[in-house]
Amino acid sequence: MMQRTAESGQQLREAARKLLKDKKVGLVVGYAKGTTPRRAKPAVVKDEKDADRLIFDETCGISLLPHLRKALRAAAAGTKAGIVAKGCDGRALVQYIVEGQLKRDDVVIIGVSCAGVVSPRHAGEKDAQELDEACRRCRYSVAPVYDVLVDGPARTDTGGHGPGTAEEYAAVEEFEKRPAAERWAWFERELAKCIRCYACRNACPMCYCDECFVDQTNPLWLGKSAERPDTTIFHIVRALHTAGRCVDCGACERACPLGVRLSLLNQRIAKEVKERFGYTVGLNLDAKPALATYDEDDRQEFIL
Amino acid sequence: MNEWEPKIIAFLCNWCSYAGADLAGVSRIQYPPNVRVVRVPCSGRVNPVFVLKSLENGFDGVLVSGCHPGDCHYISGNYVARRKFAVLKAALEFMGVEPGRVHFSWVSAGEGEKFAQVVGRVTEEVKKLGPATRLVKGADAGRRVQVR
């Protein structure tokens, strides 16, 4: 795995400092060194002198988008924000703009060329340098839309050249070959671990609803228990709510304290959306969200 | 108890499928009595949670039915629903839920005959599968899954 150089961090800090100094932005959302070795923490920098804290390396696995929203809400109206964006975060930002959650002019996107991040868990079990699962199938090391790009022009292409080398849907295709009963047993086993802490939802850039359906009590969409049917339905519905929106950044899986393999279902849905509706999330600012639009000629072979 | 009969819930849109079911009734067309009908304004009103919760709470099969494409009272409700259901169906089948549990159909207000056929087909398929076990609350009571 490619190591971040001290130089690239320097470029990032300079870019942030310049934006703050020139009053192009009121704040910069980025990463700072974390309190645990494999997990950087989010940082909101409002002063150019404070920009020294910013880093970018393989520990920067969390998604900054929830923190961007929080920072913009807390800031005075009209404040512009800079945000440090990996390829996946850049796609999520595009999707935010597509969904009307953000105006293009509200953000200055500081693109960083990402070589993949490490999983914060399993420090003892895994090679410390090993790429996270999501990064191994990633195709987008650079944000599709950016204002400033640090860390070299070598990886400015955004299609088909992520840090990952694995086939994008290899895991899905392998899993689909198994018999249905076995697939169900796998999901039961996997989701039985879930304790309904909602860390996945909170870490997810796309789960930005102020009130999530699981938190509503009237109507009570879903039981609050950690009983398996309830947890299973929670995860199915979360996957459906992020259908055609999920950028497969893997933040949910990295956030999960029990190591539930959450992304498989999301990936299957992403594959369906791509094949059926020809939509890939977060590449085009003029796109319409796949599940919020339709084509009269959509295939309907499954309808009686 | 006699032979097991499946319970099937049908979400029918107010403007087409519900009227289709009504027509089947007034035309005295026979169809299996296993369906329980819930009238909804539009197939686009059907939240996937309805389908999942129906299974969780003990229905053995689910049918969602709306107007034919182009006939939606709200112009595009069924088109958007079609995308939603395509994804829902793919997700459920991927997880290993039997394809025969959840069905979708277009039935117009004039298609009483078709409504009866659809219900007949859905009932038959669910009967073949037997009682639902996946996603059902209480089905795994007392069982513990080992957490790694």
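The values are calculated or read from the model by the stated rules, or taken from the named source; none is laboratory data. Since the structure is predicted, the reported quantities are computational estimates derived from the model, not experimental observations. Please note: Cβ atoms are built from the backbone with ideal geometry, for glycine as well, and neighbour counts cover all protein chains shown.
Quickly run through the stretch A:288-298 and pick out the residues that are surrounded by fewer than 17 Cβ atoms within 10 Å (Cβ to Cβ) and more than 19 Å from A:R238 (Cβ to Cβ).
Result: A:K288, A:T293, A:D295, A:E296, A:D297, A:D298.
Could you pull out the residue among A:I62, A:I110 that is surrounded by 17 or more Cβ atoms within 10 Å (Cβ to Cβ) and under 13 Å from the mean Cα position of the chain (by Cα)?
Details: A:I110 fails: under 13 Å from the mean Cα position of the chain (by Cα).
Exactly one residue qualifies, and that residue is A:I62.
So A:D248 fits all but one of (1) on the phi < 0 side of the Ramachandran plot; (2) more than 10 Å from chain B (Cβ to nearest Cβ); (3) assigned to a loop (DSSP other than H, G, I, E, B); what number is the exception?
If we test A:D248 against (1) on the phi < 0 side of the Ramachandran plot; (2) more than 10 Å from chain B (Cβ to nearest Cβ); (3) assigned to a loop (DSSP other than H, G, I, E, B), just (1) comes out false.
Within the stretch A:225-233, is even one residue within 22 Å of the chain's Cα centre (by Cα) and touching a residue at least 24 places away in the same chain (Cβ under 8 Å)?
Quick first cut of the stretch A:225-233, residues within 22 Å of the chain's Cα centre (by Cα) only: A:231-233.
Subsequent filtering for residues that are touching a residue at least 24 places away in the same chain (Cβ under 8 Å) retains A:231-232.
Within the stretch A:225-233, one or more residues are within 22 Å of the chain's Cα centre (by Cα) and touching a residue at least 24 places away in the same chain (Cβ under 8 Å).
Quick one: which helices (runs of 4 or more DSSP H) lie wholly within the stretch B:1-96 and hold at least 3 residues that are more than 17 Å from the chain's Cα centre (by Cα)? Working first, answer last.
On the way: elements: B:17-26, B:48-56, B:77-95.
Where helices (runs of 4 or more DSSP H) fall fully within the stretch B:1-96 and carry at least 3 residues being more than 17 Å from the chain's Cα centre (by Cα), they are B:17-26, B:77-95.
Considering only residues that are polar (S, T, N, Q) and surrounded by 14 or more Cβ atoms within 10 Å (Cβ to Cβ), look in the stretch B:1-52 and name the one that is nearest to A:F234 (Cα to Cα).
The first filter runs over the stretch B:1-52 and keeps only residues polar (S, T, N, Q), leaving B:2, B:14, B:17, B:27, B:30, B:34, B:43, B:47.
With surrounded by 14 or more Cβ atoms within 10 Å (Cβ to Cβ) added as a condition, the list becomes B:14, B:17, B:34, B:43, B:47.
Working: B:N14: 29, B:S17: 29, B:N34: 28, B:S43: 22, B:N47: 14 Å.
Across the stretch B:1-52, the extreme among qualifying residues is B:N47.
Output yes when any residue across the stretch A:30-51 is of a type in the set (S, T, Y) and under 16 Å from the mean Cα position of the chain (by Cα), and no when none is.
Residues of the stretch A:30-51 of a type in the set (S, T, Y): A:31, A:35-36.
If we keep only those that are under 16 Å from the mean Cα position of the chain (by Cα) as well, we get A:31.
The answer is yes, given that some residue of the stretch A:30-51 is of a type in the set (S, T, Y) and under 16 Å from the mean Cα position of the chain (by Cα).
When the residues of the stretch A:251-299 are filtered to those that are in contact with a Phe, Trp or Tyr (Cβ under 6 Å, 6 or more places away or on another chain) and without any contact (Cβ under 8 Å) to a residue 40 or more places away in the chain, which remaining residue is nearest to the other protein chains (Cβ to nearest Cβ)?
Looking only at the stretch A:251-299, we keep the residues that are in contact with a Phe, Trp or Tyr (Cβ under 6 Å, 6 or more places away or on another chain), and these are A:268, A:271, A:273, A:290, A:294.
Subset that is without any contact (Cβ under 8 Å) to a residue 40 or more places away in the chain: A:273, A:294.
Working: A:V273: 7, A:Y294: 4 Å.
Ranking the candidates gives A:Y294 first.
Criterion first (surrounded by 14 or more Cβ atoms within 10 Å (Cβ to Cβ), at pLDDT 95 or above and not hydrophobic (A, V, I, L, M, F, W, C)) does A:G30 satisfy it?
On the way: surrounded by 14 or more Cβ atoms within 10 Å (Cβ to Cβ): yes; at pLDDT 95 or above: yes; not hydrophobic (A, V, I, L, M, F, W, C): yes.
In short, yes.
Restricting the stretch B:67-97 to residues that are facing another protein chain (nearest Cβ under 7 Å) and small (G, A, S), which is nearest to A:F175 (Cα to Cα)?
So, considering only residues that are facing another protein chain (nearest Cβ under 7 Å) and small (G, A, S), the one nearest to A:F175 (Cα to Cα) is B:G96.
Looking at (1) at pLDDT below 95; (2) more than 9 Å from every other protein chain (Cβ to nearest Cβ); (3) buried (at least 17 other Cβ atoms within 10 Å of the Cβ), which is the only condition B:S108 fails?
(1)
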